Amino acid sequence: MAKQVTLTIDGKQVTVPEGTLIVDAAKKAGIDVPVFCYHPKMEPVGMCRMCLVEIGRPVIDRATGQVVKEADGSPKVQFGPKLETACTTPVSEGMVVVGASEKVKAGREDILEFLLTSHPLDCPICDKGGECPLQDLTMGFGPGESRFIFDEKMRMDKHVPLGELIYLDRERCIQCGRCVRFQSEIADDPVIGFYQRGRSLEIVTFSEPGFDSYFSGNTTDICPVGALTTADFRFGARPWELNNAASICSQCPVGCNITFNTRREARSGGRMVIKRVMPRQNEAVNEIWICDKGRFAYHFTEGGGSGNSERLTQPLVRKNGELAPVSWDEALQVVAERFRQAGSGLLTLAGGRLSNEDLFNLRQLTQGLGGQTALYTQMAGGDLVAQVGVGQGTNFADMGAGSAILVVASDLHEEAPIWYLRIKQAVERGAMLIVAGARPTRLEKYAAHVVRYPYGSEAAAILAMLNSLSAKRPNLPEPVQALARSPELQAAAKAFAGAQNGLVLYGSEGLGLEGSQALAQACANLLISTNHIGRANNGLIAVWQRANEQGAWDMGFRPRTDLAEAMKSARVLYVVAADPAGDDPSMAEAGEFLVVQELFLTDTAKLADVVLPVEAYTEREGSFTSGERRVQRFYPAVPEPAGLKADFAVTGQIGQLLGLDLEARFASKVMLRIASQIADYAGLDYVRLAEVVEQWPIVGRGDVYYGGTSYENSQGLGVQLAPAAQRGAAVPLAWPEFASQSHSQQASAEGLLAAPINRLLDRGQTVWPSTLLHSRIPQPYVALNPADAAVLRIPSGAMLQVTLNGTARLAAAHLDENVPQGVVLVPRSMGLPIFGPAPVEIRRAEVVSA
């Protein structure tokens, strides 16, 4: 517990921890000190001087070291001759702060007068108008007129694209440095900075492409003026016209809390549309930040009445070989009858973007008919996460000295950028980071230990760490024993075992279902053996490829290694929120009858006998379970389109036609059923998911100059589930099977081997509809080592014919020295059929002349 300090601010006594800055102490006491450059998430710099206050300190007798008293016994306070900055001055015992004196008022007026000398008077057309700190503080503290000559105003460029996503208006910039400092301190992407000096100072980008950062959109939230705006929102609406709806980002397993800003507009036919995505504060999840994928890749939800022609709007049934529009009643009757006939021959294949409520109803329907379920994913281990996942109360913000974090088979910067940020910050607080991977990643910059292994030896590397601590399995295969002899691996294992808290994040790079299950088991063994389970800030996190894959595991879905064969043999195949045919043509063969429930007419839907259109998650309510097993609720952002239904409602109505007791009207009632039947979710309901507590820093729309334009959280922080280990269940060790050779050894013996990797911005169905991101999404490519390319006579950038799983596709060649020899890296969701490690053939594509 930090030592407490008591001081007086504007006549109000305040007690705060020692080291607190005056501006923060005032905020905690409900007193607002105006700021421009200061932000509670960044180091203070005192650049703008807007927070000037008078500070008095108790007079100390030099001889005795005691506080000098006045005649009435109160401490004698001496004020400094000059105003001081509240954002750089820490509190001290007995301090007296005055922020409302004439001297302070005059100082703030002068600061604002200087800031406005060259600021354009374009508030009526500025995107920041209505949520602009400069506007608000000028009205509250500024002079009514300026003494500066109009002709001496600086004229600067007003529409400068720092990149494809962010625009800069140099005339509006007040040079507070927030954007530059965010990119340097928080994101560690120093791709923008100051150029020139004095009144000619301006922001420039140093990267190619411009403003090359996955976190660039956050600078528009913290910019205190309208200097930085997003290409997606600029000149699109005024802040006071916007409604807001709390939601959860559906793009990755972090579960960032967001707010959809919406309005009804004429150019969309009078419909309610989403205008922008903003962060919503949740200090245990994403704090007040989101990545650019979460900010800009929401356009796939548009349609179903909002104007996106790609969205399905009515049920389709195949008649005379063609899909024809029909009524819901007819489509559901056809599906119900086919399901009844199929019985145990029904296979339900579900994707990880579905909500918990959707997945629960799908599972109940399929079980009620005696059918089988399968999860459409390339990653396994969710059962182990439920057993030894992170304990309740886990928060990366609480991890520092004494904590160890192991990241294996995952490029977090590409797969879960906010976790990347939060782990980086934990390291800055003293946490020890261990990164285990087959190739270098950005996260290694912050690692105390780096463990390198060949592709295919992911689980072996983790078990080698365990075996180096104590010979649990002295008869392990030679590849494991070879890894265990590595001094770096031994040091990493010893450091992890000796940490007070230990947390493991495992991913799916280079892995398929069997490999990721083995890796998850190896990680669980390491955590169990080092006693890093069953409590907060300890346990296992899976870096899933989709937002709610952990929820799918919790609802009882499991992936199948024989999925293609199971799809062919099913009497009826029910595919929901998945496109196996689009991902791999070899997955296009279904059973006797195919039902697809989707947002779009995907490649799989084009083959279907019945297509059922559904609402996007922005058009309904539900819940997701994040990678940290935090159940969070999302709310409708726009009205539900006529003619569409939520996934759980469609499944519920099919079940009712078959005589099953399924809820088909309210997602909240489905959650009650989940709570009564899924032990880990016991006691949950939508009321509990909507509960909030006070968070620090205090962020709100009432004082956007302090924390930026992020939204405060008044709609729910979610509930973190307790893993089995925390509930007292025994979790035994188990030992995965090992291949006799690593992938790299197989490659050298048999030819090149493809290893799947994940990219943040890909060509998947939830990203590609956002055309603004196209310039940041590369053409389909594969990456290989220059030595392999030289043998094959492949220059960088050459077009290749890549044959995977019997399917040939064109892709560009990227040469990268970090790629191990004999291995070809193939990004998922980029147009190449890759589910796990597989042999690959590559050759120069033939050039066809005109």
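The values are calculated or read from the model by the stated rules, or taken from the named source; none is laboratory data. Predicted, not measured: the structure shown is a model, and the values here were computed from it. Note that we place each Cβ from the backbone using ideal geometry, even for glycine, and neighbour counts take in every protein chain shown. Note: accessible area is taken over every heavy atom of the protein model, side chains too, but ligands, DNA and RNA are not part of it. Shrake-Rupley method; radii C 1.70, N 1.55, O 1.52, S 1.80 Å.
Of all residues assigned to region 663-683, none qualifies as being at pLDDT below 95 and of a type in the set (A, V, I, L, M, F, W, C). Would you be able to say whether some residue in region 511-527 is over 27 Å from the mean Cα position of the chain (by Cα) and either within 20 Å of Met399 (Cβ to Cβ) or in contact (Cβ under 8 Å) with a residue 24 or more places away in the chain (or both)? Yes; the residues of region 511-527 include at least one that is over 27 Å from the mean Cα position of the chain (by Cα) and either within 20 Å of Met399 (Cβ to Cβ) or in contact (Cβ under 8 Å) with a residue 24 or more places away in the chain (or both).
So for region 587-605 (the condition being out of contact with any Leu (no Cβ under 6 Å at 6 or more places or on another chain), crowded, with 23+ Cβ neighbours inside 10 Å and charged (D, E, K, R)), does at least one residue qualify? Among the residues of region 587-605, at least one is out of contact with any Leu (no Cβ under 6 Å at 6 or more places or on another chain), crowded, with 23+ Cβ neighbours inside 10 Å and charged (D, E, K, R), which makes the answer yes.
Leu511 fulfils the conditions (1) assigned by TED's automatic domain parsing to the domain that holds Phe396; (2) touching a strand residue (DSSP E or B) at 6+ places or on another chain (Cβ under 7 Å); (3) not basic (Lys, Arg) except for a single criterion, (2). Within the set Pro143, Pro120, the sole residue that is farther than 25 Å from Glu43 by Cβ, open to solvent by 20 Å² or more (accessible area, probe 1.4 Å), touching a residue at least 24 places away in the same chain (Cβ under 8 Å) and not assigned by TED's automatic domain parsing to the domain that holds Lys293 turns out to be Pro143. Somewhere in region 304-321, is a residue charged (D, E, K, R), open to solvent by 20 Å² or more (accessible area, probe 1.4 Å) and modelled with pLDDT of 95 or more? The answer is yes; a qualifying residue exists. Apart from one condition, Arg759 fits all of (1) touching a residue at least 24 places away in the same chain (Cβ under 8 Å); (2) more than 18 Å from the chain's Cα centre (by Cα); the exception is (2). Among the criteria (1) more than 24 Å from Leu832 (Cβ to Cβ); (2) under 29 Å from the mean Cα position of the chain (by Cα), the one Gly643 does not fulfil is (2). For region 247-274, the set of residues classified as open to solvent by less than 20 Å² (accessible area, probe 1.4 Å) and charged (D, E, K, R) consists of Glu265 only.
Would you please name the residue that is nearest to Ile222 (Cα to Cα), looking only at residues in region 94-109 that are touching a residue at least 24 places away in the same chain (Cβ under 8 Å) and charged (D, E, K, R)? Among those that are touching a residue at least 24 places away in the same chain (Cβ under 8 Å) and charged (D, E, K, R), it is Arg108. Kindly indicate whether any position in region 827-838 is of a type in the set (Phe, Trp, Tyr) and modelled with pLDDT under 95. Yes, the conditions are met somewhere in region 827-838. Checked against the criterion of being touching a Ser or Thr at 6+ places or on another chain (Cβ under 7 Å) and open to solvent by 10 Å² or more (accessible area, probe 1.4 Å), the candidates Pro580, Pro613, Pro639, Pro559 yield just one match: Pro559. Phe624 falls short on exactly one of the conditions (1) closer than 30 Å to Ala542 by Cα; (2) part of a loop (DSSP other than H, G, I, E, B), and that condition is (2). One residue stands out in region 455-471 among those that are more than 15 Å from Gly507 (Cα to Cα) and touching a residue at least 60 places away in the same chain (Cβ under 8 Å): the one that is most open to solvent (accessible area, probe 1.4 Å), namely Leu469. Listed by position, the helices (runs of 4 or more DSSP H) enclosed by region 536-600 that each have at least 1 residues that are among the acidic types (Asp, Glu) and closer than 30 Å to Asn395 by Cα are 549-554. For region 113-140, a residue qualifies if it is assigned to a helix (DSSP H, G or I), among the charged types (D, E, K, R) and touching a Lys or Arg at 6+ places or on another chain (Cβ under 8 Å), and exactly one does: Glu113. Within region 270-296, track down each residue that is farther than 20 Å from Gly236 by Cα and charged (D, E, K, R). Passing the criteria: Arg280, Glu283, Glu287.
For Ala536, state whether it is surrounded by fewer than 23 Cβ atoms within 10 Å (Cβ to Cβ) and either out of contact with any helix residue (DSSP H, G or I) (no Cβ under 7 Å at 6 or more places or on another chain) or of a type in the set (Lys, Arg) (or both). Answer is yes for this residue. For the criterion of being of a type in the set (Lys, Arg) and under 20 Å from Cys223 (Cα atoms), Arg727 fails. Quick one: which of Gln481, Gln490, Gln500 is under 31 Å from the mean Cα position of the chain (by Cα), open to solvent by 40 Å² or more (accessible area, probe 1.4 Å) and not charged (D, E, K, R)? After ruling out the rest, the residue left standing is Gln500. A single member of Ala386, Ala401, Ala380 is outside any loop (DSSP other than H, G, I, E, B) and at pLDDT 95 or above, and it is Ala386. Being among the aliphatic types (A, V, I, L, M) and assigned to a helix (DSSP H, G or I) holds for only one residue in Leu476, Leu433, Leu463, and it is Leu463.
Residues in region 796-823 that are of a type outside the set (A, V, I, L, M), more than 33 Å from the chain's Cα centre (by Cα) and surrounded by 12 or more Cβ atoms within 10 Å (Cβ to Cβ): Gln801 only.
To keep it simple, each residue is scored yes or no on (1) free of Cβ contacts under 8 Å to residues at least 12 places away in the same chain; (2) not hydroxyl-bearing (Ser, Thr, Tyr); (3) not in a strand (DSSP E or B).
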| position | (1), (2), (3) |
| --- | --- |
| Gly255 | no, yes, yes |
| Val273 | no, yes, no |
| Trp289 | no, yes, yes |
| Gly303 | no, yes, yes |
| Asp329 | yes, yes, yes |
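Contact map, region 414-428: first residue at positive phi, second residue of a type outside the set (Val, Ile, Thr), Cβ cut-off under 9 Å, separation 6 or more or different chains; the map is empty.
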